[in-house]
Amino acid sequence: MKTIAPFDTEAEAEESDFKPLSAEEAQVWRQRHPAVSVWRVIAIQVLVGVLVALLAKLISGKAAIAWSAAYGAFAVVIPAVLFARGMGRQRFAKSAGSAMVGFFVWELVKIVLTVAMLAAAPRVVAQLNWLALLAGMVVTMKTYWIALMVQSSVRKTD
């Protein structure tokens with residue numbers, strides 16, 4: 001039986017060296033990389049959803065298209081609020097495994113609620129315009145990426 005070495009080459013062994021941060025280094029790292037508040041991102045999503053609805057109204061001149069875009073935005077925001085609230089309670093999880101299960105459960109709840117809101121859209125929004133609804137959803141979802149880009153640009157200025 002052949003024994004396999006943990007690292008095939010000396011270069012791999014050097015690359016895998018892990019040095020934990022000291023308390024001071026960890027504090028400096030936290031100051032340079034502040035956490036993004038999920039509630040701030042959701043607030044920005046609400047603002048973006050309202051702006052998309054207003055822009056849809058301005059461009060089309062039709063209230064039904066604006067309501068469709070707004071509903072699409074809120075089909076993203078409302079499940080995100082529920083997910084954030086549920087994950088906020090995961091801080092008190094007893095183990096990493098239970099926290100991971102909680103994450104998957106709340107993500108499933110978020111997906112099911114989004115699908116349910118989309119299925120209910122024709123009954124909720126009079127004269128529903130699916131293209132406007134989709135535009136509202138996509139633009140609002142992209143807010144996550146904008147928050148990440150802004151956060152990474154803050155890091156680059158240090």
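Distance distribution P(r), the stretch 38-156, all Cα-Cα pairs, bin width 10 angstrom from 0: 14, 36, 31, 14, 4, 0 percent.
Applying 1/(1 + (r/R0)^6) with r as the Cβ-Cβ distance of residue 149 and residue 127 and R0 = 35 angstrom yields a FRET efficiency of 0.50.
Subtracting the Cα-Cα distance of residue 63 and residue 82 from 0.36 nm times their residue separation leaves 4.1 nm of extension gain. As a proxy for reagent exposure, 59, 44 were ordered by neighbouring Cβ count within 10 angstrom, fewest first; the result is 59, 44. Cβ-Cβ distance of residue 91 and residue 118, R₀ of 30 Å, FRET efficiency by 1/(1 + (r/R0)^6): the value works out to about 0.45. Straightening the chain between residue 27 and residue 43 buys 3.0 nm, computed as 0.36 nm per residue apart minus the Cα-Cα spacing. Summing charges over neighbours of residue 37, with a neighbour being any other residue whose Cβ is under 15 Å away from its Cβ, gives +4 when K and R count +1 and D and E count -1.
Here, each number is a calculation from the coordinates, and none is a lab measurement. Values in this document were obtained by computation on a predicted structure and should not be read as measured data. Quick reminder, even Gly has a Cβ in these numbers, built from the backbone with ideal geometry, and neighbours come from all protein chains shown.
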